[in-house]
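This report concerns only the one structure given below.
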Amino acid sequence: MSNTFHTEIMNDLLKLAVESGASDVVVKSNKPGYLRLSGRLRPVEMDPILHEHADAWVSEYVPEVYRSNWERDGQCDFAYSAADIGRFRVNGFHQRGTVSIVFRHIKNRPPTFDELNVDAEVLTKLAQAKDGILLVCGATGSGKSSTMAAMLNWINQNSDKHIISIEDPIEYTFSDEKSVFQQREIGIDVPNFEMAIRSVLRQNPDIIMIGEMRDKETFETAIMAAETGHLVLSTMHAATVAQSLTRLFEFFPPEQLTQARRQIAGSLRGFICQKLIPAMEGGGRFAALEILNADATVRNLILEGQNDKIQQLLETSSDSLSRSFNRDLYRLIKDGKISKTDGLRFSPNPQALEMNLKGIFFKTS
């Protein structure tokens, strides 16, 4: 058997994934491959991928800079490109003494708002902020990176900005149009995330894109950048606006909460939280968005520590930029894009959505 057999197996599987429109590929040693199609995991009709082939693949393609992580920690993240197939974000890890691999297909060309079926008018208004922190939130696989890439793509086509991204790994690649992009990949262009964060303000950016808001140091750098006139875009793992705001305060110890409220109120420009809902017809999924525009009312609530009132504000606000998940799910159901059943299933408050669908709403403030 050829010593490149492991490469042939993986490339055939990845090619099938791209041709099928799968977002992810899951490889578990001694099992067939699995494709995630429209959010659902489907097995591939193929022979099981043996542990030795999965192990050989990771050992061959893990970049040298991450090899010690793989050998020491039994897990690693890196990017993989296959000629004529595509580019993938890879996570290799051990489970029960065998190797598993998850591939996320990375589309080189950033998407447009139309391709994502999201509200372009609202997102472009948020993207025009001169400074501050704008966070795109959601669970893994909810399309956060795609929405952020679409916003950056719009900025690139409409504004002359110097944009520096810090990613692990780079997901979408941008060609300079009106803006100039500098895309830094951790482990390739800079040794680690901490060094990239510390140096970014010396690189004369207008906009800083951080792949993920992962810790206190990252958020403090984002605040510093926002306070000195930069716009910071990043993602965060949180399901709703309320959870996102809670996550930000968790970066700070209790004795710093008063200062944190002041800094967050001053620098936050908004949250975009999203979920992907199965389409009513033809497969695919639509993004339902919960959006908080951090206007003066929101900033005052944060400053006064009244975070619990923000959800009610989302339901009742007349601000054209802010909306709750239920308001967007209502729109998608009424437009015939998703079913009522799925709308209620994905709603954080299905009883309230049921009332909305019967024509009963909170009074608008």
Filter the cross-link list 161/340; 130/309; 161/334 down to pairs whose alpha-carbon distance in this structure exceeds 31 Å.
-> 161/340; 161/334
Sites matching GluC sites (Glu not before Pro) across the stretch 1-59 that sit in DSSP coil, with at most 14 neighbouring C-beta atoms within 10 Å | 45
Roughly how many whole Å is it from the C-alpha centroid of the stretch 1-37 to that of the stretch 295-365?
-> 40 Å
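Show that you can apply the helix-only estimate: for the chain, add -39,500 (n - 2.57) for every DSSP H stretch of four or more residues, divide by all residues, and state [θ] at 222 nm to the nearest 500. Show your work: numbers first, answer last.
Values: 15 runs with 145 residues, N = 365.
So the calculated ellipticity at 222 nm is -11500 deg cm²/dmol.
Let's see if you can work this out: charge +1 on each Lys and Arg Cβ, -1 on each Asp and Glu Cβ, no other charges. What is the dipole magnitude of the chain about its Cα centre, in debye to the nearest 20? Don't skip to the end; give the middle numbers.
Working: 41 positive and 47 negative charges, 232 e Å.
For the chain, the charge dipole is close to 1120 debye.
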For the stretch 113-357, what is the largest minus smallest coordinate of the Cα atoms on each principal axis, given in angstrom and ordered from greatest to least?
-> 52, 44, 29
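Given the chain, what percent of its DSSP beta bridges are antiparallel, to the nearest 5?
Values: 40 of 66 bridges.
The antiparallel proportion sits near 60 percent.
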Taking Cα pairs under 8 Å and at least six residues apart, what relative contact order does the chain come out at, in percent?
-> 12 percent
Partner lysines for residue 337 [C-alpha distance under 25 Å; skip if fewer than 8 residues away on the same chain] = 107, 125, 144, 275, 358
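Throughout, read-outs are computed from the coordinates displayed, never taken from laboratory work. Computed from a predicted structure; not experimentally measured. Cβ coordinates were reconstructed from backbone atoms using ideal geometry, including for glycine residues, and neighbour counts include every protein chain displayed.
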